[in-house]
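Taking it in order: structure first as structure tokens, then the write-up.
The values are calculated or read from the model by the stated rules, or taken from the named source; none is laboratory data. All figures in this text were calculated on a predicted structure; none of them were measured in a lab. These area figures cover heavy atoms from the full protein model, side chains too; ligands, DNA and RNA do not enter into them. Shrake-Rupley method; radii C 1.70, N 1.55, O 1.52, S 1.80 Å.
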Amino acid sequence: MIKHPDPLFELHTGSTVRPADDLVSLKQHLPGGKFRYVDIASQQSRTQALSRWPLLAELANIPVQMAPKSVQESDKP
Amino acid sequence: MKIVGFQGIRGGTGTTSMVSMVADALYTNGQSVLMIDLSPSDMLKLHFNVPYLDQAGWAYASALVEPWHAHAYEIAQGLTLIPYGRKGVEDHYRELARSHDPVSLSWLSQLRQVTPAPDWVLLDLPHTLPVSDDWYPVLDLHLLVTSVDVACHTLLTQYLFQNKTRILANMQDPSRLLSNDLIVEWEMRFQDLLTPMMIQRDESVHEALALKTPVTKAFPGSKASLDAHSLASWLQIRNRRSS
């Protein structure tokens, strides 16, 4: 069992203690706890979704627009 | 005190109902909540059994040169509502006619001085209100209420995200393929910009407004009500972690 913040898990179980899963374990053993990984199942779901709906496919490659930091508050929400 | 602004990406995304149900869920969890309706349509009060023709509210107070907090309803101890307020429907048309010169929201900067400070301030922001220094810096969190449909998906593609803005998916219908596909796309596309909580489509929300009661009170076992409680708990957990 590990202690690792997960609001969804806490919400559904009322507990901050949850069984280890592979991703969490991996994060804990890597420097800074950060790494990039590819969620193949989600990518496959996305590919299927885009093949079903032409408008989703058309918009899929338009980048998310973020306001420049200079006009934003420095605080994170 | 945490100040959360709820704003629809367009009209009809269920923003006002969302404010009413989240406020009631937070209140049920023992939190004190102040709601402020910033929308000239002045409909938030209808979710709390305030008569349609009542004039009280911050904009009406402003017209009378009274403080913004002069007109407040204590719905219950620890649950307070400040409507938009107006003399009547004529005032609403006048507001629309002078939309080039909207009522100033600079008074929102005084919210942090309210005593006793509520645990939460929930702002119902009109979707027509552009992001400005009048109100955005006051917020701790800006929830962009977005119904799970292709029109909102297109608007999200055009949206310029600020640093405190997160997408709140509303009216999700797990029985429809497109609705589920949109969520798959939003999770991949927006990642942390998408709140992990979403509210399911539920006719009870409309019926609750007709009953002039938040859905969490009128139909506590409904899907939307349970989702609203999850969202309220998520806000509380997030708050505990940031404080």
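Here the Karplus relation 6.51 cos²θ - 1.76 cosθ + 1.60, evaluated at θ = phi - 60°, turns the backbone of the stretch B:18-23 into coupling constants of 4, 4, 5, 6, 6, 4 Hz, with x for every Gly and Pro.
The Cα trace of chain B gives Rg and Dmax of 17.2, 53 Å, the first to one decimal, the second as a whole number.
Take every Cα pair under 8 Å whose residues are at least 6 apart in sequence, average their separation, divide by the length of chain B, and the relative contact order is 27 percent. When only Cα pairs below 8 angstrom with a gap of at least 6 residues are kept, the stretch B:140-243 shows a relative contact order of 21 percent. Our coupling estimate for the stretch B:210-225, obtained by passing each phi through the Karplus curve with A = 6.51, B = -1.76, C = 1.60 and θ = phi - 60°, is 4, 8, 6, 9, x, 4, 5, 8, 6, 9, x, x, 6, 4, 4, 5 Hz, Gly and Pro reported as x. The lysine pair count for chain B, using Cα distances under 20 Å and pairs eight or more places apart or on different chains, is 5. Buried between A and B is an accessible area of approximately 2800 Å², summed over both sides with a 1.4 Å probe.
Can you list residues whose amide H is under 5 Å from B:I167's amide H, if they're 5+ apart or on another chain and H is modeled 1.01 Å from N? When sequence neighbours closer than 5 places are left aside, the close amide H contacts are B:L144, B:L194, B:T195. Taking θ as phi - 60° and the Karplus parameters 6.51, -1.76 and 1.60, the scalar couplings of the stretch B:179-189 work out to 4, 5, 5, 4, 5, 4, 5, 5, 5, 6, 6 Hz in sequence order, x denoting glycine and proline. Here the average projected area of the convex hull drawn through the C-alpha atoms of the stretch B:1-53 stands at 4.2 nm².
Using a probe of 1.4 angstrom and keeping all protein chains present, the accessible surface of the stretch B:1-77 works out to 37 square angstrom per residue.
Across the stretch B:105-194, C-alpha contacts under 8 Å between residues 6 or more apart give a mean separation that, scaled by the residue count, equals a relative contact order of 26 percent. Diffusion coefficient of the stretch B:148-243 by Stokes-Einstein, Kirkwood radius over Cα pairs, 4 °C, 1.567 mPa s: 88 µm²/s.
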